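The values are calculated or read from the model by the stated rules, or taken from the named source; none is laboratory data. It should be emphasised that the depicted structure is a prediction, and the values quoted were computed from it without experimental measurement. So basically every Cβ, Gly included, is an ideal-geometry build from the backbone, and we count neighbours across all protein chains shown. Ligands, DNA and RNA are stripped out before the accessible areas are found, and what is left, the full protein with its side chains, is counted by its heavy atoms. Shrake-Rupley method; radii C 1.70, N 1.55, O 1.52, S 1.80 Å.
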Amino acid sequence: MSKRSLSKVQKLAVEAFGRPVLIFAGAGSGKTRVLTHKIAHLIKKNLVPAENILAVTFTNKAAQEMRKRVNKLVKRNNGFLNIGTFHSTCARILRQEIHHLGYTSDFSIFDVQDQVALVKVVLESMDIPKNYVTPQEVRHKISYFKNKLIHPDEAKKKAHLVIEKTYVDIYAKYQKALAKNNAVDFDDLLLLPIEIFEKHPKILEKYRQKWQYILVDEYQDTNKPQFMLVKYLAQKHQQICVVGDDDQSIYGWRGADIRNILDFEKNFGNCEVFKLEKNYRSSRQILEAAASVVKNNENRAPKELVSHNGAGEKLGLIETNDEMEEADAVVNALEKEIKLQKRNFSDFAILYRTNSQSRALEDAFRRSGIPYNIVGGIRFYERKEIKDLIGYLSLIVNLKDTISLRRVINFPPRGIGMKTVDKCVIQAEKKHTEMIEVLNFPAEMGIRGKQADSLTTFYSVIKKYNELLPKLNAGELVRTLVEEAGIKQYYRNSSAPEDQERFDNVMEFLHSVDDFMARCPDGSLSQFLEEVSLLTDLDQWNDETNRVTLMTLHASKGLEFPVVFITGLEDGLFPIYSALEAKEKLEEERRLFYVGLTRAMDKVYLMYANHRRRIGSDELYGMVSRFVYEMPEEKLEKISFTSALTRKVVGGYPGHHTKTAVSRTVVIFDDFRVGDYVEHAIFGIGKVMALSGQGENQRVGIVFKDGLKKKLVVKFANLKKVESPEA
């Protein structure tokens, strides 16, 4: 791949050097191509040594893709390329420099569950009533402070109400508790390097020398700490290139500031600006519909995207009665696309505004036997059994980590209750020592018998593996630990049905450690834990499996699919209710819709329901999203759909309780027999191998071509009898 494959403006952006560079890269305009070609250009032309270039983005998946492309362009494997996420880059800085702040380099990285657990401990120590504030609320508030770079002292000055002062007091104690645990949270990964740079100018200068050219992907998503990091590192040498699209800034709710990209020219003077306005992904119909919506935003840089592809099809607009019929309509349209356009399952993405919307879709897909992946469900590394294992490993690496200690001290069950843990906490404070150390002296706390034996045994196991850290690699240590701690045996011997799956997950975890060791033969357990803690939903999404993808609109950014469904297009759901009266929030919702539309290459289906049940609410009457009305009517094709199940709202009027009546309008079923050949819209022709039930409850077991086996409910499967396999 040479620079001849770049457009004129892409080539100019790649070759620009000597001044700050801002690249406005519209959706599908080849920003990753420009970024990777720019890194390769810097290396090939000897403008900057490879080891002195830093490129940062927002997901490990994007970082890996960039690294792969750069290595291909320069025709060698640059193992020393500094390409990573903001958080992984900062974690590397902290492993080297955090001792300047009183931590040790084996610090723990607390995820959301760990943070909530620590907040609970802080609330208990402050005797704050459980119904006054929740740990989750406190964690959100603390994260808000950190994303705005507001430290506890500054927050205290701004607090006036009693509740505000309470939050600040908890925030201050939470930070002290983190330090005592030799732990940082995700926000601290960004904040602590800034603190080090401010307190130690020589360290800042070292990293300015180390990273002589800085590239930032998705710059519109940066928050204040990320902006400050970039500014500190690049302000002196001014060798910086940022790429982004203000029309795709959708993370304001977690601190992202669109002004960072819109004000780049003010913050970095003498700047060159390039606009990538040719879209290589979407058809003209899709692109023009998306542009017609986002143009209603006032807070944006002017740009005109032009499609490189043909006109394409109009956007399908489907009205349904409720969320269940909406799910049926998705399945119906998907089946037609597969049959008529010969598409694969992996060609489809179903997008929604909130995770709760996936339930009806999942039900419909399961009934129809359609394979799917959900991005953003419970992550593998957040499952209880895996968190327990990680808790053991985190404690072994960092003996000060009392949150992990509390998590695993009685797992597998060894008779150590919360009262015993409380005694250990009091004893550790009394002795001014680490909590782990008091476990070896249970008699001093008045603990005897089996509980005392359990404490000393647990202590011995943790200390033993802590001492083995320099002698065993991560794989060896984890495999012996799960045996000695009794974790494997506990799940293997359990009769609880869910524990078989947990045992399988533990075994899968061991495989993940093996995979890590294969990639990083010299990798430490601490590095493995760091990698796991920084994983995102998208990093665990496998786009090579032939499954339909279900995800939130936020999770879809950066991806592309031939066919995209956007569901739940009703005012109050999308745009979300809280944005209806707030201009900035509404503009962000509009950008989110723009992102959803521009994920599609060939076809978009827009779905809305007249009635929708939502968590904590009765039936709600839906009004079509204003975003639908902001698109030209000639871009839309109304598609009628009626499900086999017709649902209607009865006995209701605004403000009055309603209920849903379900009536079947299609009651004809084939009288299938074992040996019959049938045709399915997606799976093709297959043979009935098993039958159960009758009428609406009839189920069939079918073997399709290539040995694919499916159990289907007849009333949902739309099966047709055929005379023979060739029919």
Part-to-part distance (alpha-carbon centres) for the stretch 230-269 and the stretch 88-120, which is given in Å: 26
Within straight-line cross-link reach of K130, lysines at Cα separation under 16 Å, skipping those fewer than 8 residues along the same chain: K120
FRET efficiency, S495 to K384 (Cβ-Cβ, R0 22 Å, nearest 0.05): 0.80
Net lengthening on full extension, E476/V461 (0.36 nm per residue, minus Cα-Cα): 3.9 nm
Inter-centroid distance (Cα atoms) of the stretch 543-590 relative to the stretch 490-535, Å: 32
L569 long-range amide H proximity, modeled H, under 5 Å: M607, Y608, A609
Rounded percent of accessible protein surface that carbon and sulfur make up, the stretch 271-377, 1.4 Å probe: 44
At R0 = 45 Å, FRET efficiency that the Cβ-Cβ distance of M623 and D263 yields, to 0.05: 0.80
Candidates per chymotrypsin sites (Phe, Trp or Tyr not before Pro) in the stretch 1-92, loop by DSSP, up to 11 other Cβ within 10 Å: F80
Relative packing of peptides 572-585, 360-373, 179-192 - highest average C-beta neighbours within 10 Å first: 179-192, 360-373, 572-585
Accessible solvent surface per residue of the stretch 116-176, calculated while the other protein chains remain in place, 1.4 angstrom probe, Å²: 62
Spin-label model distance (nm) - K711 vs V112, 7 Å beyond Cα toward Cβ: 3.3
Order of exposure, largest accessible area first, which applies to C520, C424 with probe 1.4 Å: C520, C424
Of all DSSP beta bridges in the chain, antiparallel share, percent nearest 5: 35
Low-density loop positions, GluC sites (Glu not before Pro), the stretch 443-552 - DSSP coil, at most 11 other Cβ in 10 Å: E544
FRET efficiency, 1/(1 + (r/R0)^6) with R0 56 Å, evaluated for T433 and K336 via beta carbons: 0.25
By average C-beta atoms within 10 angstrom, highest first, the peptides 163-174, 601-612: 601-612, 163-174
Stretchable slack from S5 to N296, in nm (0.36 nm times residue separation minus alpha-carbon distance): 101.4 nm
Prolate/oblate/rounded label for the stretch 233-315 (Cα gyration tensor, a/c 1.5): prolate
The stretch 436-565 - percent relative contact order, Cα under 8 Å, separation 6 or more: 18
Helix-only [θ]222 nm of the chain, DSSP H runs n ≥ 4, -39500 (n - 2.57) each, per residue, nearest 500: -13500 deg cm²/dmol
Relative contact order (%) - the chain, alpha-carbon pairs under 8 angstrom, separation at least six: 16
Potential extension, I128-E483 segment - 0.36 nm per residue separation minus Cα distance: 123.7 nm
Residues of the stretch 212-324: accessible area per residue with a 1.4 Å probe, Å²: 37
Accessible-area composition of the stretch 122-260, carbon plus sulfur, in percent [1.4 Å probe]: 53
